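The structure follows.
The values are calculated or read from the model by the stated rules, or taken from the named source; none is laboratory data. None of these values were measured; they are calculated from a predicted model. A quick note on method: Cβ atoms are made from the backbone with ideal geometry, for glycine too, and the neighbour counts reach across all protein chains shown.
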Amino acid sequence: MWWDDERIEATVTRQYVISKLRSDEIARLDEPLGFGDGLTDDTYWEWIESKAKKIFLILVDLGVPDQIFGVIDDSWDDDDLPIPLDQVERLRLTYDKNEKLERKFFHRQFSYLLRHVQKGEHMVYDEEEVVPLEPVEKRPVGAIVHLIESFFDKVHLPGRPDDVFLRRRIPLGAGEGRMAYEDFLAGIETMKTIEHDHLTSLWASYTYKNCGYLLLTPLNDSNLKAFLNVTPQSIKYLAKQERRILLLNWLHCLSDALSFLHKQGLSHRNIKPSNVMLDIDNHIFLGDTGIFPNASLNGEKQGFDKENYDYSAPEQGQRAPAPAPVLLPVSRPNTVRRGTLTTHGSGYASSPSVSTASGSNDSHSIYTDSTGSYPSSSPPHAGSSKKHDPQKADVFSLGAIFLEILSFLFKRTSRNFASHRSAKNKTPGRGGGLPDSSFQRNLEQVDSWMNLLQKDGKKKEDKIFRGITPIVELIRQMLKLNPMERPTAKAVQERLYTILTENSGLGATEDGSVLSKIHCESRLNSTAQFHFGFDDLRLASQRAAAEACAAVSPSATEIRSLALGNGGVIYGIEKKEVVYEKPKSRDADHISIATKTSKSSEGKSKGSGNGGMNGAKPKPKAKAWQAPVYAGE
């Protein structure tokens, strides 16, 4: 039983207090307080009712409810809780000192001082406090505890069994398998920015007994890896058309989630079938984002993750083991610089070994793609030590997930797809003697598999399959070897939405008919409805300013444009003959500029180049707001 304020108020009534006292003590409830020297008319019952309900419940638990009178005589009330252990003896719970009863009071008081976990908040609980959460799966008496400690379980709020969360425990502190407290708090702040229907989001967090806890939502019932191996009953029960629509919507849901994540400046870096989650209602969402890495925080040895390798991008792929040292003759060992060659007593030096660290989780191999270009002239490839954009790698992994879902749509198994990928690759794969079936090492076979899916789609008469060919073409772009040739997650989401609505016929059509709603469409519309056209107004203003400056000095504008090599001022302003009209007012909105396209403007230029001569009026000086905006600025 969880004793929150509402339950305490409802429980401690006069009838309840009377039921816990002896008959000779009941009459004392209506007597005036024994302290105060007559300055107050309050009775013992009025003190209990207004100030000491929690203390009375604790005394009932300890079996000494009659001690409430002595506690009140010493002016103790609920505001004094929690009472430190070394101060509990001042309550004088027994005539003779009883340390066992005092310790019991100290620990029991926290059951009536609950601090509930609130959405979006981080709670810090003391070791003596009680965390008001209930496990969903309670271990029956006599059950054998798992040999391997689990860092995940399912909990719900007190009295609310439908509010279930996935709870993750993270050991805090210094040492292997633990996270620094400051890093844990920083990770929490990052996760607070992630709140999306198709992303694992942080509902709340707390620390308790040298561990940090994350309450995550939504709660998964399965994952895509299990789904591809054994079709769940929730999918089998769906009608054929509903199943097809659901699978195509999954593509859009995942792309919308990744687009949202990338918009926050984050990357997922852990997209693989086992981390694409499904709940009991066939709701799909991306799992752990990699902010809190699993293996290193769970104290497990970070061995080779074959699934992560199979679905990671080429530039992320784990490198081959380091080769044996190459012995080179050294003529003058004493002149060898530190960090280049290591000398040995035999007069030979070994070349530095190649790092075997995985690029997928190496924070040093990540750079922010703020400029959209790589530090070097050429993009990185597999096994390269150059930095890579993790968001582009996410797009590759998501494309691989898309192919798995489309393969299931056409009743092609994931196992056959893996065999097809490794059909021409006879070299052993990482983590075992089987051929390498990863996407990154078998892009040619992946491409041929996509051709098969396109052929399957063309054979279907259902309109919904008309989007398969353009979807596969989009996936081809997502799986490009060169990361810079891959689309952004936002572009993938927008393209998928267009394909599903225009090609597959999902969503509302021109005639008003609706085959099926697009998942996440309401969120997209809610975002669009808050667009007030500020960007369009800004662009129109800049265009007008550019044209105005071109009217004042067209030759200078043309020279600047040629120097930039972009063909002219930004926004597509062509070389035009400009006729300037005198402004009717100082307001920019009333300046009129008449333009007409011509092959040459030499005549006009010569006629107006004399300033005030020949009766021509001098042109007014360009104002600051009329400055053009050039491409590249």
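I'd like the full set of residues that are buried (at least 17 other Cβ atoms within 10 Å of the Cβ) and at pLDDT below 50, limited to segment 383-400.
Ser384
Suppose the filter is at negative phi and either in contact with a strand residue (DSSP E or B) (Cβ under 7 Å, 6 or more places away or on another chain) or basic (Lys, Arg) (or both); does Glu195 pass it? Outline the logic, then answer.
Values: at negative phi: yes; either in contact with a strand residue (DSSP E or B) (Cβ under 7 Å, 6 or more places away or on another chain) or basic (Lys, Arg) (or both): yes.
When the stated conditions are applied, Glu195 passes them.
Residues in segment 149-175 that are in a strand (DSSP E or B), in contact (Cβ under 8 Å) with a residue 60 or more places away in the chain and either in contact with a Pro (Cβ under 7 Å, 6 or more places away or on another chain) or charged (D, E, K, R) (or both): how many?
3
Condition first: more than 15 Å from Asp288 (Cα to Cα), of a type in the set (A, V, I, L, M) and in contact with a Lys or Arg (Cβ under 7 Å, 6 or more places away or on another chain). Now tell me which residues in segment 153-191 satisfy that.
Of everything in segment 153-191, those that are more than 15 Å from Asp288 (Cα to Cα), of a type in the set (A, V, I, L, M) and in contact with a Lys or Arg (Cβ under 7 Å, 6 or more places away or on another chain) turn out to be Val155, Val164, Leu172.
Another question, if that's okay. Could you list, ordered by first residue, the pairs with Cβ atoms under 7 Å in which the first is in segment 15-27 and loosely packed, with under 10 Cβ neighbours inside 10 Å and the second is assigned to a helix (DSSP H, G or I), at least 6 apart or interchain?
Arg22/Asp66
Conditions tested, residue by residue: (1) surrounded by fewer than 21 Cβ atoms within 10 Å (Cβ to Cβ); (2) in a helix (DSSP H, G or I); (3) among the basic types (Lys, Arg); (4) without any contact (Cβ under 8 Å) to a residue 60 or more places away in the chain.
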| site | (1), (2), (3), (4) |
| --- | --- |
| Phe402 | no, yes, no, no |
| Leu406 | no, yes, no, no |
| Asn416 | yes, yes, no, yes |
| Ala423 | yes, no, no, yes |
| Leu452 | yes, yes, no, yes |
| Asp456 | yes, yes, no, yes |
| Glu461 | yes, no, no, yes |
| Ile471 | no, yes, no, no |
| Glu494 | yes, yes, no, yes |
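Separate question: Going through segment 4-16 one residue at a time, which ones are closer than 13 Å to Ser50 by Cβ and part of a helix (DSSP H, G or I)?
Across segment 4-16, the qualifying residues are Ile8, Glu9, Arg14.
Can I ask one more? Ala508 fails exactly one of the following numbered conditions: (1) under 30 Å from Phe260 (Cα atoms); (2) modelled with pLDDT of 95 or more. What is the number of that condition?
It is condition (2) that Ala508 fails.
Between residues in segment 56-82 that are at positive phi and residues that are surrounded by fewer than 16 Cβ atoms within 10 Å (Cβ to Cβ) and modelled with pLDDT under 95, which pairs lie under 8 Å by C-beta distance while being six or more apart or on different chains?
Close Cβ pairs (under 8 Å, with a partner that is surrounded by fewer than 16 Cβ atoms within 10 Å (Cβ to Cβ) and modelled with pLDDT under 95) amount to Ser75/Phe35.
Determine whether segment 190-206 contains at least one residue that is surrounded by fewer than 18 Cβ atoms within 10 Å (Cβ to Cβ), in contact (Cβ under 8 Å) with a residue 60 or more places away in the chain and in a strand (DSSP E or B).
no
Suppose we keep only residues that are basic (Lys, Arg) and surrounded by 13 or more Cβ atoms within 10 Å (Cβ to Cβ) within segment 425-450. Which one would you say is modelled with the lowest pLDDT? Steps first, please.
Here is the first cut: in segment 425-450, the residues basic (Lys, Arg) are 426, 430, 441.
Now narrow it down to the ones that are surrounded by 13 or more Cβ atoms within 10 Å (Cβ to Cβ): 430, 441.
On the way: Arg430: 56, Arg441: 91.
If we take residues in segment 425-450 being basic (Lys, Arg) and surrounded by 13 or more Cβ atoms within 10 Å (Cβ to Cβ), then Arg430 is modelled with the lowest pLDDT.
Out of all the residues in segment 71-85, which are closer than 19 Å to Ile26 by Cα and surrounded by 15 or more Cβ atoms within 10 Å (Cβ to Cβ)?
Residues satisfying the conditions are Val71, Ile72.
Quick test of your reading of the structure: Asp42 fulfils all but one of (1) touching a helix residue (DSSP H, G or I) at 6+ places or on another chain (Cβ under 9 Å); (2) more than 30 Å from Val131 (Cα to Cα); (3) at pLDDT 90 or above. Name the failing condition by number.
Status for Asp42: all satisfied but (3).
Out of Leu59, Leu93, report the one residue that is within 20 Å of Ser111 (Cβ to Cβ) and under 52 Å from the mean Cα position of the chain (by Cα). Full working, then the answer.
Details: Leu93 fails: under 52 Å from the mean Cα position of the chain (by Cα).
The unique qualifying residue is Leu59.
Please verify whether Leu33 is in the same structural domain as Glu102 (by TED's automatic domain parsing) and within 20 Å of Tyr95 (Cβ to Cβ), treating the condition exactly as stated. Break it down into steps so the answer makes sense when it comes.
Numbers: in the same structural domain as Glu102 (by TED's automatic domain parsing): yes; within 20 Å of Tyr95 (Cβ to Cβ): no.
Answer is no for this residue.
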